[in-house]
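The values are calculated or read from the model by the stated rules, or taken from the named source; none is laboratory data. Just so it is clear, the model here is predicted, and its values are computed rather than measured. Here the Cβ positions follow ideal geometry from the backbone for every residue, glycine too, while neighbour counts run over all protein chains shown. Surface accessibility is based on the protein's heavy atoms, side chains included, excluding ligands, DNA and RNA. Shrake-Rupley method; radii C 1.70, N 1.55, O 1.52, S 1.80 Å.
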Amino acid sequence: MCGIVGYAGNVRTACGKPLEVCLQGLRRLEYRGYDSAGVALTAPGMDHVAVRKKAGRLANLVQDIERDPMPEATVGIGHTRWATNGVPNDTNAHPHTSRDGKVAIIHNGIIENASQLRLDLQTEGYHFVSETDTEVAAKLLGKISDKIIEETGKPDLFKAVRRLARMLEGAFTILATDVRQPDIVVGARHDSPLVVGLGDGENFLGSDVAAFVAYTKRAMEIDQDQAVMVSADKVVVSDFMGNIVPDPKTYTVDWDASAAEKGGWDSFMDKEIHEDPAAVQRTLLGRLDENGNINLDEVRIDEHDFKAIDKIIVIACGTAAYAGMVAKYAIEHWVRIPVEVELAHEFRYRDPILTPRTLVVAISQSGETMDTLMALRHAREQGSKVLAICNTQGASIPRESDAVLYTHAGPEVAVASTKAFVAQITAAYVLGLYLAQVKGAMYRDEIAQTLDSLKDMPRKIQWVLDTQTKTVQEAA
Ligand code: GLU
């Protein structure tokens, strides 16, 4: 999954901040994996967008910029690519530009109708330098932008990106910059993540909050099929037709930048294993209200519907599916209803039996696992309710679910899941107790006692970790 960063600052003072934010954001998104990196910068008076991109590690790009510095700017966009269309090399790396170089875009995802659009543009005389689907979108955006100038006499990147988004099929998050509007960055998303970071006299965009959390913890959700325009002091969200979204949802990120640093450990995995106890503890925090009732985070499911549930299907991929397998034992024991665990990528292809009495539990650390997202959409179309267990606030999976239980494990950087896994099991246990409560399958005291014994888990995990550390030290 590639990384995306965007920055819009003060249009009166071009400076090094857009580049700094882009490079620092890309560094924080490196954990997602990538094969090349690039940035585009825009400032008033530029004739074309300043673009620099390099295959390989982010360090290659940084070295290249150190050798040959980039101009100061007011806005910037940055990208780490995970090649899908075209080999990883300097030319295929993002950003890609319009024919006249006035517009640049970065893109996460795959544009399914790129071949047809490319042929159409080639017929009109457009030349392509890369093999990517993204360059097709860049050339098309340039063409749309020129058309808008022709029609109205002025540039309108926001409108141009919306028109572009309506023409693209497939999955995309796109960020774009145009030298004729050096005060804004425009984004659009369809089946791919995008979040806004709200700053003071500056605003940010990112494929996840890690991209900008070092600068601001205030974030705004961008929904499926929405576009966003950010400047230093304004954020405007609309659908692809241009209808303004009056009150986009904002939230505060509950971890800070240091949580995504190694902090003295040899590896992120080492660090994150040692965060297991805290992850479990935070996931259990505040789950019992003053009347002794179990709390979930966001529930848009009627208690009556919860009572009627006669089957649970857990949908998840990889480690999250293992969390589901562990949870199955507890939930079946406590609630006495069958629990199936299904790999999300198989789910919608086998015509599963789903009714309004089936509760589908979608487990995902990032909340953006595409197979899980597709599976939950299928379940909802069939009339089942979906509850998400997720570690990332405001991600697509919790947003599209009927209820949410957040794991509060903090950012997980290591690819093999550790603390998010134990937090997922913990959250699934809380769900089991909640269902036992609404269905009357356990006595209130029993539920409270079970929750208390769960609260003792962090201490037990800590004991295991300490014992292991001691054994390793003694053996050394
Ligand atoms: N499909 C685009 C490419 O191959 C974007 C890949 C990505 O998400 O990084 O360049």
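In terms of the Cα gyration tensor, with a ≥ b ≥ c the square roots of its eigenvalues, is the stretch 231-366 rounded because a/c is under 1.5, prolate because a/b exceeds b/c, or oblate? Oblate is the answer for the stretch 231-366, as a/c is 1.5 or above yet b/c matches or exceeds a/b. Where a ≥ b ≥ c are the square roots of the eigenvalues of the C-alpha gyration tensor, would you call the stretch 1-139 rounded, which needs a/c under 1.5, or, failing that, prolate if a/b is larger than b/c, or oblate? It comes out oblate by the Cα gyration axes.
Each of Val245, His274, Ser364 was scored by the projection of its Cα onto the charge dipole of the chain, and the greatest displacement toward the positive side belongs to Val245; charges sit on the C-beta of Lys, Arg, Asp and Glu.
Pairs exceeding 24 Å between alpha-carbon atoms, taken from Lys54/Lys217; Lys307/Lys460; Lys385/Lys439; Lys53/Lys154; Lys53/Lys159: Lys54/Lys217; Lys307/Lys460; Lys53/Lys154; Lys53/Lys159.
Database remark: amide H of Glu169 closer than 5 angstrom to the amide H of Glu112, Asn113 (H placed geometrically; neighbours at sequence offset of 5 or more, or on other chains; Pro and chain starts carry no H). Calculated accessible area for the stretch 212-260 comes out at 48 Å² per residue, all protein chains present (probe 1.4 Å; ligands, DNA, RNA ignored).
Restricting the trypsin sites (Lys or Arg not before Pro) of the stretch 22-107 to loop positions (DSSP other than H, G, I, E, B) with no more than 16 neighbouring Cβ atoms within 10 Å leaves Arg57, Arg99. In this rough spin-label picture, where each label sits 7 Å from Cα along the Cβ direction, the Asp100-Asp266 distance is 5.8 nm. Screening the chain for whole DSSP H helices of 20 Å or more along their axis (Cα) with average Kyte-Doolittle hydropathy at least -0.5 returns 133-152, 319-335, 419-438.
Computed 3J(HN,Hα) for the stretch 200-217, one whole-Hz value per residue from the Karplus formula 6.51 cos²θ - 1.76 cosθ + 1.60 where θ = phi - 60°, is 10, x, 6, 9, 10, 9, x, 6, 8, 4, 4, 4, 10, 5, 5, 10, 8, 9, glycine and proline marked x. Carbon-plus-sulfur accessible fraction, the stretch 1-100 (probe radius 1.4 Å, protein heavy atoms only): 50%. The label-point distance for Met374 and Asp302, in a model that sets each label 7 Å from Cα toward Cβ, rounds to 3.3 nm.
Note on Asp456 and Asp68: the extension gain reaches 134.0 nm, defined as 0.36 nm multiplied by sequence separation minus the Cα-Cα distance.
Under the convention that each Lys and Arg Cβ holds +1 and each Asp and Glu Cβ holds -1, the size of the dipole of the chain around its Cα centre is about 180 debye.
What FRET efficiency comes out for Gln116 versus Arg166 if R0 is 22 angstrom and r is the Cβ-Cβ distance? Round to the nearest 0.05. FRET efficiency, Gln116 to Arg166: 0.90.
With the Cα gyration tensor of the stretch 320-432 giving a ≥ b ≥ c as the square roots of its eigenvalues, does the rule (a/c under 1.5 for rounded; else a/b larger than b/c for prolate; else oblate) give rounded, prolate or oblate? Because a/c hits 1.5 or more and a/b fails to exceed b/c, the stretch 320-432 counts as oblate. A 1.4 Å probe over all protein chains sorts Cys15, Cys390 by accessible area into Cys15, Cys390, starting with the largest.
Quick one: ranking Trp334, Trp463 by accessible area, 1.4 Å probe, largest first, what do you get?
Trp463, Trp334
Karplus-derived 3J(HN,Hα) values for the stretch 357-367, using 6.51 cos²θ - 1.76 cosθ + 1.60 with θ = phi - 60°, are 8, 8, 9, 9, 10, 9, 10, 7, 5, 7, x Hz; glycine and proline are entered as x. Computed from the Kirkwood radius of its Cα pairs, the Stokes-Einstein diffusion coefficient for the stretch 378-474 at 10 °C and 1.306 mPa s stands at 100 µm²/s.
Amide hydrogen proximity for Ser36: with H placed 1.01 Å from N in the peptide plane, the residues at 5 or more positions away or on another chain lying under 5 Å are Gly56, Arg81. Summing charges over neighbours of Thr42, with a neighbour being any other residue whose Cβ is under 12 Å away from its Cβ, gives -2 when K and R count +1 and D and E count -1. Applying the criteria of a DSSP loop state and at most 10 other Cβ atoms within 10 Å to the GluC sites (Glu not before Pro) of the stretch 64-148 yields Glu124. Residue by residue, the stretch 300-313 carries 3J(HN,Hα) couplings of 10, 10, 5, 4, 4, 5, 4, 4, 7, 5, 10, 7, 10, 10 Hz when phi is fed to the Karplus relation 6.51 cos²θ - 1.76 cosθ + 1.60 (θ = phi - 60°); x denotes Gly or Pro. Annotation: extensible slack from Glu474 through Met325 equals 50.1 nm (criterion: 0.36 nm per residue apart, minus Cα-Cα distance). Can you give the accessible area per residue of the stretch 397-443, in Å², using a 1.4 Å probe? Heavy-atom accessible area per residue stands at 25 Å².
The solvent-accessible area of Arg118, taken with every protein chain present and a 1.4 Å probe, is close to 50 Å². By a 1.4 Å probe calculation restricted to protein chains, Tyr322 has an accessible surface near 140 Å², given to the nearest 10.
Size of the stretch 138-235: Rg and Dmax of its alpha carbons, in Å, are 13.6, 41. Of the residues Ala50, Ile65, Gln24, the one whose Cα sits farthest toward the positive end of the charge dipole of the stretch 1-87, with +1 on the Cβ of Lys and Arg and -1 on the Cβ of Asp and Glu, is Gln24. The trypsin sites (Lys or Arg not before Pro) found in the stretch 338-368 that occupy coil by DSSP, while having at most 15 further C-beta atoms within 10 Å, are Arg350, Arg357. Calculated mean residue ellipticity at 222 nm for the chain: -11000 deg cm²/dmol, from DSSP H runs with n ≥ 4 weighted as -39500 (n - 2.57), summed, divided by the residue count and rounded to 500.
Treating r as the C-beta distance of Asn291 and Thr13 and R0 as 51 Å, the FRET efficiency rounds to 0.40.
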